[in-house]
Amino acid sequence: MNHSIAYETTLERLEKAKKLFSLRYGIGLGTITTKINKEAAIGMDGPAFYNARKSIETAKSNNLKFYFTGGYENDKTINTLMHWLGLENKKWNFRKFQIIKLVKDGWTQKQISESLKISQPAVSKILKNIPVGLITDTEQIVENEINKILKDA
């Protein structure tokens with residue numbers, strides 16, 4: 001059975017282009033005090049935007065890929081985990097990014113090798129040097145921590 005990648009997410013396209021420019025992700029949690037405009041953020045305001053701006057500025061000044069600002073006690077935990085993810089992510093070229101995503105989506109090494117038109121031993125070699133389980137666990141912990149904040153807010 002020949003598997004192929006059916007689509008490419010926006011994040012994947014951005015990661016693919018990261019050799020052209022450096023990306024930073026600022027995550028700001030807070031309220032929006034103006035009417036929500038589903039078409040564009042123009043005219044919208046509130047702590048969510050201030051926290052997002054602060055996150056981008058902090059990420060830039062500290063050379064971080066990700067930064068979270070919410071004003072909660074677990075901000076430090078979230079940022080520590082995201083900092084590790086950012087350091088790990090800097091080591092990946094687009095091929096590694098693709099393979100990691102497919103493994104996390106449940107693909108086998110054979111399916112990945114067929115889809116990406118590389119040998120299964122090449123896939124295995126790449127995966128041997130990437131802690132996919134630890135990456136997945138860390139991403140899940142970050143998501144859980146942010147969800148706790150949202151639940152309590």
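Readers should treat all values here as calculations from the given coordinates under stated rules, not as data from a laboratory. In this text the structure is predicted, and so the values were computed from the model without any measurement. Positions of Cβ are backbone-derived with ideal geometry, glycine not excepted, and every protein chain shown enters the neighbour counts.
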Open item on the list: I'd like to compare 68-81, 130-143: which one has the highest average count of other Cβ atoms within 10 Å, and what's the full order after that?
Closed with: 68-81, 130-143
Task: Theoretical gain in end-to-end length, Ser61 to Ile130 [0.36 nm per residue, Cα-Cα removed] - done: 22.1 nm
Task: Model label zone, Ile32; criterion: amide N under 13 Å from point 7 Å along Cα-to-beta-carbon; scope segment 42-73 - done: 42-50
Open item on the list: Cut-off under 24 Å on the C-alpha distance; same-chain residues fewer than 8 positions from Lys110 excluded. Which lysines are left, in chain and number order?
Closed with: Lys16, Lys91, Lys96, Lys101, Lys125, Lys128
